[in-house]
Amino acid sequence: MSQLFRRNRPRASAEPPTPVVAASTGVVCTLPGCSNDTAQPCAYRDGRGRACGAAYCPEHGVSAGGKFYCRRHAGVVRAVGSEATPSGGLPDIDNRAPSLVSWVARDLDANVRRLLSGAARAGESVIADETVHVARDFNRKARWEQSWWLVDHTGVILKVTIQVLEENDTLVRVHVGSGVIADGVPPWIVRRTEETDMATDTAQRQRFYQWLDESIFMAVDRFRTERQRAS
Ligand SMILES: [Zn+2]
Ligand SMILES: [Zn+2]
């Protein structure tokens, strides 16, 4: 009743409700094709104190933990969490390894958990990393990793790891058990310099993840089959 009354009442102020618009900062967004002049600089500072030069509008940047970042560095901050790297501070501004691991791990997470749960026997469970971790080989070269484990009370039964080396930060490697079962450069990195429409972009992304999913599925399945044969 009162609803109807209100609706029919002439509006005191004739202005339509205006969406909240970010104030101009006089800085144009770094994203190609975006002409918003509401950009703010990315707040990222790496372990050597270097700043990121990018500035994005609120629509294309990301707020995280009270700070504003470009998408990539928001990914890095999210990926490594509050954990400092062994050298102290956050990864180098131009290193995409940690965020790449994080993106891929997040997209594969549900599937990997499902596969490992499917391979589990009584008394075994699945645990997973919350963030990306850095590890170093004997030459002190860094690699970024995020893992899932099938474990029982005696320890690790099977481990799945997404890994990107710092020195080759476009190549994603997937380990299942002791071997690399798949590696590849994601299509969104390959075509960085090319023009592609959104539909192609989405299709390529889907194919990439489907391929990774299938590779992991086959490796886990092989593990399970061999295990059954052995028992
Ligand atoms: Zn923008
Ligand atoms: Zn940045």
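Please treat every number below as a calculation from the coordinates, not as lab data. Note that this is a predicted model, so its numbers are computed, not measured. Note that each Cβ is placed from the backbone with ideal geometry, even for glycine, and that neighbours are counted across all protein chains shown.
Given +1 at the Cβ of Lys and Arg, -1 at the Cβ of Asp and Glu and no other charges, the dipole of segment 103-231 around its Cα centre is 480 debye to the nearest 20. Amide H contacts of Q40: Y56, C57, each under 5 Å away and 5 or more positions distant or on a separate chain (H built 1.01 Å from N in the peptide plane; Pro and chain starts excluded).
Loop-located chymotrypsin sites (Phe, Trp or Tyr not before Pro) in segment 124-161 (DSSP state other than H, G, I, E, B) with a sparse environment of at most 10 neighbouring Cβ atoms within 10 Å: F138. In terms of its Cα atoms, segment 43-188 spans 51, 37, 30 Å along the principal axes, sorted from long to short. For segment 23-94, taking the reciprocal of the average inverse distance between every pair of different Cα atoms yields a Kirkwood hydrodynamic radius of 12.5 Å. P(r) tail for segment 127-231: Cα pairs beyond 19 Å make up 55% of the total.
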